[in-house]
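Written out below as structure tokens is the structure these notes cover.
Read the figures in this text as sums done on the coordinates, not as results from a lab. Here the structure is a predicted model, which means the values were calculated and not measured. Cβ sites come from the backbone with ideal geometry, for glycine too, and all protein chains shown count toward neighbours.
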2 protein chains.
Amino acid sequence: MTNIQEVARVAGVSTATVSRFLSGQTVRSGEAIQNAVRTLGYSPSVVARSLKSGRHGAIGVIVPDITNPFFAALVKGINHEVRASGYQVILGNSDEDAPQEEALLAALTQRTDGIIIAPLVEGDLSLVRLEKSRTPVVLVDRDITFATRFDRVLVDNLSGSRQAVEHLAALGHRAIAHIGGPLGSTPGRARHEGFVAAMERLGLPVRQDLIRISDFREEGGRDSMRDLWNQPDRPTAVFIANNLMTIGALNALHVLGARIPHDISVVGFDDVALAELLDPPLTVIRRPDIEQGAASARLLLSRLEQDFEPDASLSQSHRITLPVQLVVRGSTSAPAHREREQE
Amino acid sequence: MTNIQEVARVAGVSTATVSRFLSGQTVRSGEAIQNAVRTLGYSPSVVARSLKSGRHGAIGVIVPDITNPFFAALVKGINHEVRASGYQVILGNSDEDAPQEEALLAALTQRTDGIIIAPLVEGDLSLVRLEKSRTPVVLVDRDITFATRFDRVLVDNLSGSRQAVEHLAALGHRAIAHIGGPLGSTPGRARHEGFVAAMERLGLPVRQDLIRISDFREEGGRDSMRDLWNQPDRPTAVFIANNLMTIGALNALHVLGARIPHDISVVGFDDVALAELLDPPLTVIRRPDIEQGAASARLLLSRLEQDFEPDASLSQSHRITLPVQLVVRGSTSAPAHREREQE
DNA sequence: TCGATTACTGTAATCGATTACAGACAGAGG
DNA sequence: CCTCTGTCTGTAATCGATTACAGTAATCGA
């Protein structure tokens, strides 16, 4: 790799002059430097530059599982927003493993100017440590109360659960089940709370035997669904708190030979690819996934610009909540007549 | 951020001693240094380290579209393999944009020790430039003949096409259509060639009116399928060269009201999520996507280790071809009796 | 007791770019 | 002709870690 000394030598000037020319100042021997740069194929070392300046020209993104279409879409939104700004996006995949997430966090705080993360565990020590540093951080889908320094980009989980329950209730369902995510995580907790609140508001029974708290994974959804189905007093509808568990539940129902929506209506949180081509097409709560990424990126970028004028660093942390939307397809209908016996 | 000087000062030794202690050498005041490191919360700057050493402890991965499940799986496989080695994975998404890919390549060659890439354009100038550098490179899905320095990890496209055609032919199809990818790309070219070769070997007519060369995207698949369907002399089966085009084609057939497999049998290349829950379940050529990522990572890592012993750098570039496998589900069957009229 | 060996330590150069500082030089104004 | 101003330039310090080199002290054997 050619370095700035080489360029200076060839152009017959000092390295300071080359550096100044490259940063846009007018110098006498600009043309000679230009030529030297071209013939040598010189481009400045980003490593040396960031050692001197402390800035990396990159932002870090940490997700638990890049094969989850939601996170892929999130990353796409981030990328799209960051592209014009000249920053690099460095993506880390923690594989849902807390130690690995911590390692990623440590590595990326050293290589980037700011981080977008959907942390696995909300009370994590590494987050506490992170808050003490002055790295700008945007949390996705996590409404952590103690971390007031962090910006947060959420979706309206409560509204999503309410829309799902109201839709099912309007169709005549009373025995509505819920497969939820971990209550230690914001989406798990909020969607569960939203479900319970909506049921109560509509005067429907909140039956603990129809609520399964699972893990946001496909296997968890499968097992919970099988479990619910094998109950003596089966639900006529189920609201499932994320995409992967919905897929698992659909698989379970398929294997069990259940007819959707005749035997059971299904509403999932998060749209899934091919939802329209499924048998039947899946009714879901859809969230603006790409937009959620874009909003996170905008927040982070604005904070990075802000960092240049340090007096503004007192500014409050932002908290954005994006709306979600019920998309009715074929997996929900009025309950079959079996429901009448129960009334 | 505390630096090594600070640690040296607190421990009462020189920076050289601290550095030596941290790299595992035995020093007299190890305990004092240990304490200083702990109380100061010191961790060495990776930026300074890579400026000095020229190594970054990171590998770069560039994909055209992270929301394509194949690339997401590829990245997962890479991550999984790299995890133990202590390297970071830095992922770049070119969004199928050549200038952005080139910018990513330039940025990542500066920040990483080696690159795994599935380039957009095979004859790209930036690839030629890359070959002249001595950055280790692994190409995924691209069998570029001029770039002999690069390792390559491919799948057996020819075999995949053959398996698809033989399956359809065995069911009795003769009017088999093909929706292909760009012939300038290895997968597009090889799958098309494999299709033609298999048809000829079985004595089936290769009808140009049933071949559409498209772009590997969902819209391309949709348009091509609609086009094929609206022909006077429709095919009874179609083999589609990748996942996204298959999804597009399924959408088109859904909108057109075609019944699968009664009206038309469908085989896709690349498995798709939920394939089993589709109506009907989709028959596909499945490739080992995660394994393809893992193999790429192994190749790159071994080359990075090799770099320590420079005499071995003469070693040949590797070329790995992974097998693919036909997965028969419900979207293929014998052609309906309309076929008889044509015979 | 002396020289040789071993085991450790500190000084200072180095990686490549940026930038504070001071010096050089031209042109303007008195 | 002298001084002052403005514009450009080079020298050298700096970012934080690594490491060649030289030096010191302790230990061992003769």
- Note on the structure: For residue B:237, other-chain or 5+-apart residues with amide H closer than 5 Å (H placed, Pro excluded) are B:177, B:265
- Message: Can you give the Rg/Rh ratio of segment B:220-259, where Rg is from the C-alpha atoms and Rh is the Kirkwood radius?
- Response: 0.93
- Message: Please list 3J(HN,Hα) in residue order for segment A:236-246, calculated via the Karplus relation 6.51 cos²θ - 1.76 cosθ + 1.60 where θ = phi - 60°; whole Hz, with x for glycine and proline.
- Response: 9, 8, 9, 10, 10, 7, 7, 5, 5, 5, 5
- Counting other Cβ atoms within 10 Å of each Cβ, which trypsin sites (Lys or Arg not before Pro) in segment A:113-145 have at most 15 and sit in a DSSP loop? A:134
- Given chain A, longest segment not containing exposed loop chymotrypsin sites (Phe, Trp or Tyr not before Pro) (DSSP; at most 14 other Cβ within 10 Å): A:147-307
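Between residue A:2 and residue A:322, take the C-beta separation as r, use R0 = 45 Å, and let me know the FRET efficiency to the nearest 0.05.
Working: r = 47 Å, r/R0 = 1.06.
With a Förster radius of 45 Å, E is 0.40.
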- Along segment B:280-294, Karplus-curve 3J(HN,Hα) (6.51, -1.76, 1.60; θ = phi - 60°) to the nearest Hz, with x for Gly and Pro, reads x, x, 8, 7, 9, 8, 9, 10, x, 5, 4, 5, 5, x, 4
- Task: Average the reciprocal distances over every distinct pair of alpha-carbons in segment A:77-169, invert the result, and give the Kirkwood radius in Å.
- Result: 15.0
- Once phi is turned into ³J(HN,Hα) by the Karplus curve 6.51 cos²θ - 1.76 cosθ + 1.60 with θ = phi - 60°, what whole-Hz value does each residue of segment B:9-22 show in order, with x for glycine and proline? 4, 5, 7, x, 9, 8, 4, 4, 5, 4, 4, 5, 4, 5
- Averaged over A:89-96, number of beta-carbon atoms from partner chains that fall within 10 Å: 5
- Please name whichever of A:290, A:262, A:273 sits farthest to the positive end of the charge dipole of segment A:255-303, dipole taken about the Cα centre and charges placed at Cβ: Lys and Arg +1, Asp and Glu -1. A:290
- Message: Around residue B:137, under 12 Å between beta carbons, what's the net of Lys plus Arg minus Asp minus Glu among the other residues?
- Response: +4
- Message: Give me the one-decimal Kirkwood hydrodynamic radius in Å for segment A:67-115, with the sum taken over alpha-carbon pairs.
- Response: 11.9
- Taking amide H positions as placed 1.01 Å from N in the peptide plane, with prolines and chain starts having none, which residues 5 or more places from residue A:60, or on another chain, fall under 5 Å of its amide H? A:90, A:113, A:114, A:115, A:116
- Report, by chain and number, residues whose modeled amide H sits under 5 Å from the one on residue A:279, excluding near sequence neighbours (fewer than 5 apart, same chain). B:279
- Task: List the lysines whose Cα lies under 22 Å from the Cα of residue B:76, skipping any in the same chain that are fewer than 8 positions away.
- Result: A:76
- Shielding by partners for A:68-74, please: the mean number of other protein chain Cβ atoms within 10 Å of each residue's Cβ. 3
- Query: Kirkwood Rh, segment A:109-259, all Cα pairs: how many Å?
  - Reply: 16.8
- Task: Provide the net charge surrounding residue A:316, with neighbours chosen by a C-beta distance below 13 Å and charges set as Lys +1, Arg +1, Asp -1, Glu -1.
- Result: +3
- Provide an ascending nm list, one decimal, of label-point separations from residue A:207 to the equivalent residue in each further copy; define each label point as 7 Å from Cα along Cα→Cβ. 5.6
- Query: Once all Cα-Cα distances of the protein assembly as shown are split into 20 Å bins that start at 0, what whole-number percent is in each one?
  - Reply: 16, 43, 32, 8, 0
- Shielding by partners for B:103-111, please: the mean number of other protein chain Cβ atoms within 10 Å of each residue's Cβ. 4
- Cα-based reach from residue B:132 at 19 Å (exclusive), listing aspartates and glutamates while leaving out same-chain residues under 8 positions away: B:101, B:102, B:113, B:122, B:124, B:143, B:151, B:307, B:311
- Query: In nanometres, what is the gap between the two model label sites at residue B:9 and residue A:230, each 7 Å from Cα along Cα-to-Cβ?
  - Reply: 6.6
- Task: Just need the Rg to Rh number for segment B:4-44, please, alpha carbons only, Kirkwood Rh.
- Result: 0.89
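With both partners inside the protein assembly as shown, how many of the DSSP beta bridges are antiparallel, as a percent to the nearest 5?
Roughly 10 percent of the DSSP beta bridges within the protein assembly as shown come out antiparallel.
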- Task: Report the extension gain between residue B:336 and residue B:34 in nm, rounded to one decimal, defined as 0.36 nm multiplied by the number of residues separating them, less their alpha carbon distance.
- Result: 101.0 nm
- Just grab the label-to-label distance for residue B:263 and residue A:124, each label 7 Å out from Cα along the Cβ direction, in nm (one decimal). 4.9
- Message: How are the alpha carbon pair distances in chain A distributed across 10 Å bins from zero to the largest one, expressed in percent?
- Response: 5, 22, 25, 18, 13, 7, 5, 3, 1, 0
- Message: Net charge around residue A:190, counting only other residues with Cβ within less than 15 Å of its Cβ (Lys, Arg = +1; Asp, Glu = -1)?
- Response: +1
